[in-house]
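Visitor: First the structure, which I've put down as structure tokens, then a few questions once you've had a look.
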Amino acid sequence: LGTNPSAQEIIDAYPTAHLIGNDSIQTAGGTFFDLFAKKGRNEWEEIEKLITYFKKHGVKQSALIRGDFLFGYDPQPYDVIREMVFEYAKLGINILQSFHGMNDPRALIGVIKAVQEAQSNGYDIIAQGTICIEDNPNITIQKCLEFAVELIDMGHHGFYLKSASGRLDPKFVYILTSNLYDKF
């Protein structure tokens with residue numbers, strides 16, 4: 001969605017998103033806070049407006065977060081992680097796409113624990129395993145597949161492939177996606 005639209009502009013641009021068969025729509029996360037804040041808008045009001053609109057139409061919604069770092073670059077204590085997960089669950093977020101840029105599962109432990117706690121309290125929310133993929137010699141098909149197993153073993157559901165740079169080898173994406181499909 002870029003970094004310019006308001007919540008209302010996003011809603012106006014996608015008024016029928018609930019009719020076209022989307023599995024989910026990303027309506028929250030660090031980028032949303034950042035884009036609204038940079039424009040001088042109240043971040044929580046804007047995000048609540050988006051979530052409320054799509055929830056009213058029965059669309060599952062996701063938020064992309066930096067694992068136990070949430071929206072920034074410092075790890076957060078568990079009580080902060082738990083409160084954020086519960087707040088998103090109360091608002092109507094169904095999927096937390098939790099990632100670490102180097103695919104380190106240790107940075108995802110608090111979020112998965114909080115999501116499981118929210119589920120135990122009756123909230124319809126899951127943690128989706130996010131695999132960061134880049135045009136980077138440290139990120140290989142084999143390492144991504146090993147990380148996928150770790151994500152599932154931790155309790156994540158499904159996968160979200162994320163590239164911060166947008167620089168990807170299409171062959172890499174095809175092979176990784178095919179392997180994930182075949183294995184999971």
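The values are calculated or read from the model by the stated rules, or taken from the named source; none is laboratory data. Worth saying up front: this structure is predicted, and the values here are computed from it rather than measured. Cβ sites come from the backbone with ideal geometry, for glycine too, and all protein chains shown count toward neighbours. Heavy atoms of the whole protein, side chains included, go into the accessibility calculation; ligands, DNA and RNA do not. Shrake-Rupley method; radii C 1.70, N 1.55, O 1.52, S 1.80 Å.
Visitor: Quick one: in region 147-184, which of the residues that are among the small types (Gly, Ala, Ser) and closer than 17 Å to GLY67 by Cα is surrounded by the fewest Cβ atoms within 10 Å (Cβ to Cβ)?
Guide: Taking region 147-184 and keeping what is among the small types (Gly, Ala, Ser), we get 148, 155, 158, 163-166, 178.
Filter once more, so that each one left must be closer than 17 Å to GLY67 by Cα: 148, 155, 158, 163-164.
Numbers: ALA148: 20, GLY155: 15, GLY158: 16, SER163: 15, ALA164: 10.
Applying the filter and picking the extreme gives ALA164.
Visitor: A further question on this structure: Do you know which of the residues in region 91-149 that are outside any helix (DSSP H, G or I) and charged (D, E, K, R) is nearest to GLU48 (Cα to Cα)?
Guide: Step one: of region 91-149, the residues outside any helix (DSSP H, G or I) are 92-104, 121-140.
After this cut, where a residue has to be charged (D, E, K, R) as well, the list is 104, 124, 134-135.
Working: ASP104: 30, ASP124: 17, GLU134: 32, ASP135: 35 Å.
It comes out as ASP124.
Visitor: While we're looking at this one, here's another question. Could you list all residues from region 53-65 that are assigned to a helix (DSSP H, G or I) and more than 18 Å from the chain's Cα centre (by Cα)?
Guide: TYR53, LYS56
Visitor: Pairs needed: first member in region 4-20, touching a residue at least 12 places away in the same chain (Cβ under 8 Å) and over 17 Å from GLU48 (Cα atoms); second member anywhere, of a type in the set (Gly, Ala, Ser) and part of a loop (DSSP other than H, G, I, E, B); C-beta distance under 7 Å; at least 6 residues apart or different chains.
Guide: Listed by first residue and then by second, the contacts come to HIS18/GLY58.
Visitor: Look through region 27-42, keep the residues that are open to solvent by 60 Å² or more (accessible area, probe 1.4 Å) and within 24 Å of GLN128 (Cα to Cα), and return whichever of them is nearest to the chain's Cα centre (by Cα). Spell out the reasoning first.
Guide: Keep residues of region 27-42 that are open to solvent by 60 Å² or more (accessible area, probe 1.4 Å), which gives 31, 34, 38-42.
With within 24 Å of GLN128 (Cα to Cα) added as a condition, the list becomes 31, 34.
On the way: THR31: 11, ASP34: 15 Å.
By that ranking, first place goes to THR31.
Visitor: Name the residues in region 66-90 that are in contact (Cβ under 8 Å) with a residue 12 or more places away in the chain and assigned to a helix (DSSP H, G or I), would you?
Guide: Passing the criteria: GLY67, ASP68, PHE69, TYR78, ILE81, ARG82, MET84, VAL85, PHE86, TYR88, ALA89, LYS90.
Visitor: Given (1) under 20 Å from SER62 (Cβ atoms); (2) open to solvent by 60 Å² or more (accessible area, probe 1.4 Å), identify the lone condition not met by ASN138.
Guide: All conditions are met except number (1).
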